[in-house]
1. If Lys and Arg each add +1 and Asp and Glu each add -1, what is the summed charge of the other residues whose beta carbon sits under 15 Å from the beta carbon of residue A:35?
2. Find how much the distance from residue A:141 to residue A:200 grows on full extension, using 0.36 nm per residue of separation minus their present alpha carbon separation; answer in nm with one decimal.
3. Amide H to amide H, which residues 5 or more places from residue A:34 or on other chains are under 5 Å from it, using H placed in the peptide plane?
4. Once the Cβ-Cβ distance between residue A:26 and residue B:194 is put in as r, and R0 is 35 Å, what FRET efficiency do you end up with, to the nearest 0.05?
5. Let's see if you can work this out: charge +1 on each Lys and Arg Cβ, -1 on each Asp and Glu Cβ, no other charges. What is the dipole magnitude of segment A:130-225 about its Cα centre, in debye to the nearest 20?
6. What does the structure give for A:219-226 when I average, per residue, the other chain Cβ atoms found within 10 Å of the residue Cβ?
7. Taking the DSSP beta bridges in segment A:6-123 as the whole, what percent of them are antiparallel, to the nearest 5?
8. Quick one: order A:180, B:152 by neighbouring beta-carbon count within 10 Å, fewest to most.
Amino acid sequence: MNARIRILLIEDNKNTCSYISALLDKNGYAVTTALTGREGLSLAASLCPNLILLDLGLPDMDGFQVLEQLRGWSHVPILIVSACNEEQEKVAALDSGADDYITKPFYPNELTARIRAALRHSRGSAHSQVYKALDLEIDFDKRIIHLAGRRVHLTQIEYQLLSLLAENAGRVLTYNTILRRIWGPYAEENNQILRVNMANIRRKIEQNPAQPQYVFTEVGVGYRMRENENG
Amino acid sequence: MRKKQLDSLHHMEHSARRGLCTALCAAAAAGGILASRYVSRRAERARAERMSQETALEKIHESLMRAVSHDLRTPLSGIMGNSLLYLENHETLNQEERLQLVSHIHEDSGWLINIVENLLAMTRIRDMDSTRTREEIVEEVLGEALQKMKMRHPGFEVHAAIPDQIIMLPMDALLIEQVLINLLENALRHSGSKEPVDVIVEDGESHVTFTVRDYGCGISEETLSHLSRNAPDACTLSGVHRKNCIGLVICKAIISAHHGSFTGRNHSHGAEFIFTLPKGAFEPK
């Protein structure tokens, strides 16, 4: 009985496939590869993988189309692996239902961290009672934050923002996603208020706001919180 | 040869500008009747200045494209050679030799990534317009650049000092990140020192100043005089200086496209690079 977590890799470059397969195999995952979008879609249906790695530049169809079709029937976590570093493409992929995005070339531990975060979130175990990383602790039940044992006081909005990021620790959340979740569906498109709130949070929890340890910025895309050690 | 052509071009630009200035002074002296002409001359001068800035940027582009494309060959041949050596001799090589070959391949690929990112930055300068320049929070852009450096060079230490207040500036964030990364890479590779590098952000009335300061062996005069030119030509530099200089010339081109200033100098214990970015609405060049 094979209990390993199954990952489907949809990527047309054979060398990249072999590198990612070897890396994931070493980390205990069972990997199946598909070299085209069509093959990927059919394997996604027959294999029911626990996670899909999707390259956006495929030979037979647009990666966005693959993403859209997968999202038509599946909630499986999809991690985009792309050679494109433009913010617009990242935002478009994330807002079309991708769970995360990683740009080539990436470091092996970057990829495995993103996979861990996406899997943890999809299992629903992300809602542990407490977020803990380094010196920061967030108690979601009591709505209390401690930094190195000392209580941190945040405004209502700041708390909502930080706990949303902490519940999704390790994953990037786009400005749009955060705006909708905190300010509701009719939130303004302008993300300035969000970014100013984040700057204020940094001043309360980070030792140096220019070298953050807890909340990382992906400029033009959104924010990503450090992985939860309690996950 | 190319340098000569460039110099004479510069000279022509200068004398053209000087000629315009003289004409302007005469017009001003002639008094009110000529006021309308003065205005149009002034517009003309502004246009001429913008043109000369544009040609300078254009020239930087050209020389960089040549230099960068040329420099792609060096790490590529290293990767090709080392990997081939491994493939053909892996049975006779000892563990240490094998490790060395692979670590050279790794090193060269890191260099290659750097060059490619700078190449992409250059095409981005060309496309720079109001859709790509947004108000950015300075610490977020700096923070992301530092995060990337930390990922690439885990042992490399940087001390960042920023003002308490939140500073927002119009910029193309990816390009400014590239500037910071180039300056930090430059300190890491060429300062010859393991002392932490300082990054200091200061808020001024009309602009924000960024300083990247290392505590190493300083920058060569050749590089400095090159950078101080209006349109530095990376191709005319020799060996080590050139490798060192391309990243810096790209920094200068990016900052100049943002209407800021870029200077490098030696301080008593090493080198520092200072660039400014203007506040207020952004007008692409």
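Each value in this text was obtained by applying a stated rule to the coordinates, not by laboratory testing. Here the structure is a predicted model, which means the values were calculated and not measured. When we count neighbours, we look across all protein chains shown, and the Cβ atoms used for this are built from the backbone with ideal geometry, even at glycine.
1. Residues near residue A:35 contribute -3 overall.
2. On the way: separation 59, 0.36 × 59 = 21.24 nm, distance 2.31 nm.
Full extension of this stretch gives 18.9 nm more.
3. Counting only residues 5 or more places away or on other chains, the set is A:9, A:10, A:11.
4. It comes out at approximately 0.60.
5. Values: 13 positive and 10 negative charges, 30 e Å.
It comes to approximately 140 debye.
6. Counting Cβ atoms of other protein chains within 10 Å of each residue's Cβ and averaging gives 3.
7. 5
8. Ascending number of Cβ neighbours within 10 Å: A:180, B:152.
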